[in-house]
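> Just dropping this structure here.
The values are calculated or read from the model by the stated rules, or taken from the named source; none is laboratory data. Everything quoted here is computed from the prediction, not taken from an experiment. Methodologically, a virtual Cβ is constructed for each residue, glycine included, from the backbone with ideal geometry; neighbour enumeration extends over all protein chains shown.
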Amino acid sequence: MPSRDAKSSAAFGFYTVVEQPQIGLLGGYLVVNAAGRPLEFHCTAPVKPTRAQTILFGATLEPYLYGEHIGQALIRKAETLATVICTDRPQALAVRQYIDAPVALIVGEEASIRTSIATPSFTIGTVRLAVAGGFTGDESLVAERIALFAASMPLAEPFERIRQAIDEAQRGER
Amino acid sequence: MNGWRWTAPEPLAVRSLTLPEAASCVVHTPLSLAAGEATVAPEAIGELRAPPRVVSQRLWGSRMRLRVRSCKFPQPSESLAVPPVIEHVAAPTADPGATPPSWTRIQPPTSVVRLEDRLYYVLQPPLELVFVERALEFPFHPFPYQLEGIAFLYPRTAALLADEMGLGKTMQAITAVRLLLHAGQARAVLLVCPKPLVTNWQREFHAWAPELPVTVVEGDAARRQWQWQLPDTPIRIANYEVVARDREVFDRLAEPYDLVVLDEAQRIKNHASTTAQVVRSIPRRRSWAITGTPLENSPDDLVNIFEFVSPGHLNHGMKPGRMARASADQVLRRTKDQVLKDLPPKLFRDAEIELSSAQRESYRLAEEQGVLRLAEMGEEATIRHVFELVLRLKQICNFDPATGESAKLERLAADLEEVADSGRKAIVFSQWVETLETLAAKLAHFRPLEYHGKVPGTRRDAILQQFRDDAQRSVLLLSYGAGGVGLNLQFAGYVFLFDRWWNPAVEDQAINRAHRIGAAGPVTVTRFLATGTIEQRIDQILQEKRELFDTVFNDAQAHEHSGLTQRELFGLFKLKCPTGPIRLAS
């Protein structure tokens, strides 16, 4: 079990992508401390693939956008290294191959697991999670690093903050 | 080569597709997508039979950087002079994996303009999680509307919390202060309140923020000087008189207060008063005002409170509707009807009393003589003269000056018998100490307790405790002035307004001593009204004032009634009067 010091200095990342029909994809990445308080926030400008891009990327488009294009750009921008990065979008597990930290999918009603991307789910407390396929060691890393945090903080909650922050940023743009 | 070529700036995996009509197309995609399957429809390629030309299109890549907006947030200072909170992880009451129906989130006020600053608030965890994480314990779990009040106060540098009495403004303010201190956003807070409420605030701080040291500024001048200068004092409580007396302290402050909170902020509604001037001069970064009656007589009351909260934000002469819109982001006002659906009902009984024959005769004589005198004075008659007559007539409605007869007393005594027999407790309000003393003598068999201006401050807490705990002491005689605000008397099931105050807000304050959170059952309010007298005419004026209050705080679209006019006041006695608006004494 992590020590209290380790817990207090740990940082956790939360990454999600919002789809807005007229605007495109908006990525948001929130880094919080062990108390759930925000340390950093990064969000992207809207990404809207062209028709040609959609055609040419085909089935690889979503993993590319969520993983490499948006996710990697956001997470590399952060100065604080998160010990675990959580996402609520199954496609975003694709970011794992570009970063060192384990990525955990919080499996909710909307985040049904795509077996091609994620390994079978596991639980921490009452929360069901999955990690990226091909990174089987992540399961134990995630369990070790996030258990204490998950005991007091609902892991799905920060995504709502990110969505509100993206909305706020979008309002600022207009 | 026939076809089209797309180039990407990264190492590429080259994949070839055979297109219909024997045209060929080479598609370069980033290496990472080697496993992907691109499907190219003919229409995407364009006119295949066109003359061969090369079109280059760049796909996403490392040189086409995605614009990312970034914010970093300050972390709580560790040097805060608050005892460290023992960090622990407590299991939330709800399933941590499930999102509860609603979190209470801090929303940035409209005055916060910079996106980074707005995001700082938007990205804070909901209050429920902050409480759990910081191990902030409470005597009872706050109601949802109270959490909203805390979330309203916390991010604001200028705020007026104007909840109806009894909704827990005190705990909302204390909890918001507590969060600011723990977040390192405040280090020095000054709370100013009426003198009788100092001990109440101390008690409430002890209950709602027991880890915070509170210093009450009191005693002789030397002691107060020492208390004002104490370092590392996160919370100071001072009454209005002390603040006015020690005004020079604020000229010498090395640092402004991070927050100044005014309780019962209607105390500064008189713009020119010394208290108002001193309070406005206190150097501060945040200004919060708390009052259940932000508007007692006219919209100017609110303007003057705002001269502390956010100077210049409201102006004299603003119409109530415009004032409501202009102050909407700084004011939070909820009524019990809106937020406490489960609070026991408040039952009003208007007890219309026929004066006794002796009272009626005294009243008739006094009114005739008074009106005659006012008429003779003509243009010399002032509001003060009118008020003197009103007060005289109201006193006669209470007791006949010659015989001591009182129709109200007879009715009150009968009602109190019933109250005492049922084991309940009653509060009786009057605006006059003399009336309360007379009632105490005439109702001696009930062993009533008294709480008014003549009762020393050192005895007051003991009186309230006795009223609460002693089953034999079922009646408390209270003056509007001493007992109208800040007292928690929710164990009383009956309130009697022996005479009526000048404005409904003060009456509401009085009633809500009993009708507040914790009330075990319905609260019955009996308003005595001597028929055919000045009391009935005043009642009509009070009704008009309620309409004014509703215009500013409840319904911005309501008709903009501007309150009393001098004509209406003189009209109480059907007298001709000068024109122009006036203010009633409160």
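> Specify the residue that is surrounded by the most Cβ atoms within 10 Å (Cβ to Cβ); the eligible residues are those in region B:259-308 that are outside any loop (DSSP other than H, G, I, E, B) and hydroxyl-bearing (Ser, Thr, Tyr).
Only one residue fits best here, namely B:287.
> Would you please list the contacts, defined by Cβ atoms under 6 Å and residues six or more apart or on different chains, that run from a residue in region B:503-528 that is surrounded by fewer than 24 Cβ atoms within 10 Å (Cβ to Cβ) to a residue that is at pLDDT 80 or above and of a type in the set (S, T, N, Q)?
B:516/B:490; B:518/B:490; B:519/B:490
> Quick one: which of A:73, A:94 is within 8 Å of chain B (Cβ to nearest Cβ), of a type outside the set (S, T, N, Q) and more than 22 Å from residue A:147 (Cβ to Cβ)?
Residue meeting the stated conditions: A:73.
> Restrict the check to region A:111-118 and report whether at least one residue is farther than 29 Å from residue B:73 by Cα and either modelled with pLDDT of 90 or more or within 11 Å of chain B (Cβ to nearest Cβ) (or both).
yes
> Within region A:148-159, track down each residue that is part of a helix (DSSP H, G or I) and either within 7 Å of chain B (Cβ to nearest Cβ) or more than 12 Å from the chain's Cα centre (by Cα) (or both).
Result: A:148, A:149, A:150, A:151, A:152, A:157.
> Still on this structure: What's the number of the only condition in (1) over 30 Å from residue B:183 (Cα atoms); (2) away from every other protein chain (no Cβ under 12 Å); (3) of a type in the set (A, V, I, L, M) that residue A:101 fails to meet?
Only one criterion in (1) over 30 Å from residue B:183 (Cα atoms); (2) away from every other protein chain (no Cβ under 12 Å); (3) of a type in the set (A, V, I, L, M) is unmet by residue A:101, namely (1).
> Within region B:118-140, track down each residue that is basic (Lys, Arg) and either more than 8 Å from chain A (Cβ to nearest Cβ) or free of Cβ contacts under 8 Å to residues at least 24 places away in the same chain (or both).
If the condition is that a residue be basic (Lys, Arg) and either more than 8 Å from chain A (Cβ to nearest Cβ) or free of Cβ contacts under 8 Å to residues at least 24 places away in the same chain (or both), then B:118 is the only one that fits.
> Cβ-Cβ under 7 Å, sequence separation 6+ or interchain: first residue in region A:160-174 and more than 7 Å from chain B (Cβ to nearest Cβ) and surrounded by 15 or more Cβ atoms within 10 Å (Cβ to Cβ), partner among the aromatic types (Phe, Trp, Tyr) and not in a helix (DSSP H, G or I). Which pairs?
A:162/A:14
> Let me spell it out: the conditions are (1) under 26 Å from residue B:473 (Cα atoms); (2) in a loop (DSSP other than H, G, I, E, B), and residue B:502 meets all of them except one. Which number is the exception?
Condition not satisfied by residue B:502: (1).
> Go through region B:337-387 residue by residue and tally those that are assigned to a loop (DSSP other than H, G, I, E, B), surrounded by fewer than 18 Cβ atoms within 10 Å (Cβ to Cβ) and in contact (Cβ under 8 Å) with a residue 60 or more places away in the chain.
Qualifying residue count for the region: 3.
> Further question on the same structure: Any residue that is touching a residue at least 24 places away in the same chain (Cβ under 8 Å) and under 26 Å from residue B:508 (Cβ atoms) - is there at least one of those in region B:247-255?
There is no residue in region B:247-255 that is touching a residue at least 24 places away in the same chain (Cβ under 8 Å) and under 26 Å from residue B:508 (Cβ atoms).
> For residue A:44, indicate whether it is within 24 Å of residue B:115 (Cα to Cα), within 8 Å of chain B (Cβ to nearest Cβ), crowded, with 22+ Cβ neighbours inside 10 Å and of a type in the set (Ser, Thr, Tyr).
Answer is yes for this residue.
> Out of the residues in region B:505-526 that are outside any strand (DSSP E or B) and of a type in the set (A, V, I, L, M, F, W, C), state the one that is modelled with the highest pLDDT.
The extreme case among them is B:511.
> Might you check whether a residue that is of a type in the set (S, T, N, Q), crowded, with 21+ Cβ neighbours inside 10 Å, modelled with pLDDT of 90 or more and assigned to a loop (DSSP other than H, G, I, E, B) occurs anywhere in region B:477-484?
Within region B:477-484 (the criterion being of a type in the set (S, T, N, Q), crowded, with 21+ Cβ neighbours inside 10 Å, modelled with pLDDT of 90 or more and assigned to a loop (DSSP other than H, G, I, E, B)), the answer is no, since none of the residues qualifies.
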